[in-house]
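Derivation of every value follows stated rules applied to the coordinates shown; laboratory data play no part. Values in this document were obtained by computation on a predicted structure and should not be read as measured data. Cβ placement follows ideal geometry from the backbone for every residue including glycine, while neighbour counts extend to all protein chains displayed.
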Amino acid sequence: MRTSTETWFGRAALMVAHCAGMLDLVALPVWVGTLIGDYKFDPAYAGGLVTLFLISAVLSSILFAPRFNRIPTRPTAAISYALAALAFFGATLTRDFVILAVLHVVAGAATGCGLSQAHGTIGRAANPHRLFAIVGMALGVFAIVFLGATPQVIAAFGGAALFQVFAGVMAVSAIVAWIAFPPASARSADALFSASARLCPAVWFGIAGIACMALTQAMIFSFVQRIGIDRGVGGDAVSGVLIALGVVDLLPAPLAAVLENRLSARAVLLAGPFAQAVLALVICLSSSFAAYAVPTAVFAAVMIFTHTFAFGILSRLDPTSRALAATPAMLMTGAAMGPIMGGILVQTLGYGGLGVAAMIVAFVAMVLFSRVHAAPRAVLAAPPAQA
C-alpha cells in the first residue's frame, strides 16, 4: 500500500501511533489509581512504576531522535509498538513489583522509539502544524473512549484489565503502522542539508519551553482527581469532569489548525503558559464545584493548543525534524518529573503550593518561548514547506 503524510491512510496510521504513544497523557490518573487501588501498591511505588515508563520513553526518544533520518520509519515504528504490546501483555500475568518495573521500562523504551518515528514523520509533512492538529484531535477522541470505558472495564475484570487495554492499544498501533505508516518525505530540496548539524539555540529554547508546560500539566493532572475528592466534589462527579475534559480536548487541535494564519504564534506561545498557570492556580484553590470543574475541563486544552503552534514553529527552525522526533522526550521529561514534584509540594505546602509552583514554571516557560523568536524573522514567517 502506497501511503504518505498527504494521504488519509498515512494520516490514519500517524493518528493511531500518536494516540498509542501519548497513552500516558490520557491514562495517568487511571494508571496510578489502579496500581494503588487494585494492586495495593503504596503511592510512591505506584507512581514509581509510571515514572519508570516515562523515564525510559524519554531516554529512548533521546537515543533515536538524532538518528531519525538514518533509520527506516515504518518497520521501526511497527516493531516498537509490538514490543510495547508484548511488555504490557506480560504485565497482565504478574503482580510482582520488580517484574512490573522491568516490563514498564521495556514498554516505555519501545513506546518512546515508536512515538519518535511518528512525530518526526509529522514534522516532515507538507504542513506539520495542520497534521499535528489532526493527530491531536484523534487523541481527544481516544481520550473520551478511554476515560469513559476503561474504569468500567477495570471494575468488572480487575486491575490486570488495564494492562490488557494498554497491550491492545499498542498491538493495534503496531499492525496499522506495519500496513500504512508513511515514509518521512523530504520537505524541501535542502531538508537534509546536514543531518549532523547543530540545532540553532531557538530550537533548544522551544524544546525547554514545551518541557516546562508538560511539567505543569503533569503536576496538576496527577493530583486533579485527589483535589476534587478532597474538596468534597465526590468520585462520580470527578469522573464526570474527567470525561468532560476528554470532550473539550477535541476542540483545541482543530481550532489551532483553523487559526494557524490568523493568530500570532509568538502571542500563542507567550499566552499559553500563563493561561495554563492561571487555570492550575484556580483548580488548586477551588472551594466550589464550578471553580473546580470548569478549569479542570479546559486545563489540558491549553497545552494541546499551544503545543500545536510550537510544533509548527520548530518544524520551520529544524528542517531535518530531529527536534520534532524528540517530542516524546520534551513531553515525557515533564510528565516524569511532575508527579514527584507535585507530591513533594502537596505534602509540604498543600495544594496552594502546587498552584504557586505552576505560576513559577509558567514564568520560566514564557521566558524560554520569548527566546524562540530571536531566530531569523524570515524563518519564523516562512509558510509551511511543500512536499
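According to the calculation over all Cα-Cα pairs in the stretch 1-102, the P(r) per 10 Å bin from zero is 12, 40, 30, 15, 3 %. What the phi angles of the stretch 357-373 give under the Karplus curve with 6.51, -1.76 and 1.60, with θ = phi - 60°, is a coupling list of 4, 4, 5, 5, 5, 4, 4, 4, 4, 5, 4, 5, 5, 5, 6, 4, 7 Hz, glycine and proline written as x. Report the residue, chosen from GLY235, GLY47, GLY246, that carries the largest GNM mean-square fluctuation when the chain is represented by alpha-carbon nodes joined by springs under 10 Å. Its mean-square fluctuation being the largest, the pick is GLY235.
Cα-based radius of gyration for the stretch 235-283, normalised by 2.2 N^0.38 Å, reads 1.43. GNM remark for the chain: springs join alpha carbons under 10 Å apart, and the peak mean-square fluctuation among ASN261, ASN69, ASN127 falls on ASN261.
The 3J(HN,Hα) values that the Karplus relation (6.51, -1.76, 1.60; θ = phi - 60°) gives for the stretch 287-292 are, in residue order, 10, 9, 5, 4, 5, 8 Hz. Gly and Pro appear as x.
Near GLY159: Cβ cut-off under 10 Å, other residues only, Lys/Arg at +1 and Asp/Glu at -1. The net charge is +1.
All Cα-Cα distances of the chain, cut into 20 Å bins from zero to the largest, leave 31, 60, 9 percent in each bin in turn. Divide by every residue of the chain the summed helix terms, -39500 (n - 2.57) for each DSSP H run of at least 4, and state the resulting mean residue ellipticity at 222 nm, rounded to the nearest 500 deg cm²/dmol. Calculated mean residue ellipticity at 222 nm is -26500 deg cm²/dmol. Computed over neighbours whose Cβ is under 12 Å from that of PHE305, the net charge equals -2, Lys and Arg +1, Asp and Glu -1. Free of any trypsin sites (Lys or Arg not before Pro) that DSSP assigns to a loop and that have at most 10 other C-beta atoms within 10 Å, the longest stretch within the chain is 3-197.
Taking ALA365, ALA326, ALA291 as the candidate residues, the one with maximal mean-square fluctuation in a Gaussian network model of the chain, Cα springs under 10 Å, is ALA291.
Among 96-102, 274-280, how do they line up from the highest to the lowest mean number of other beta-carbon atoms within 10 Å? Spell out each step's value before the answer.
Working: 96-102: 13.9, 274-280: 21.6.
In decreasing order of mean packing, 96-102, 274-280 become 274-280, 96-102.
Shown in residue order for the stretch 219-229 are the 3J(HN,Hα) couplings computed by the Karplus curve 6.51 cos²θ - 1.76 cosθ + 1.60 at θ = phi - 60°: 4, 7, 5, 5, 10, 5, 5, 5, 4, x, 5 Hz (x for Gly and Pro).
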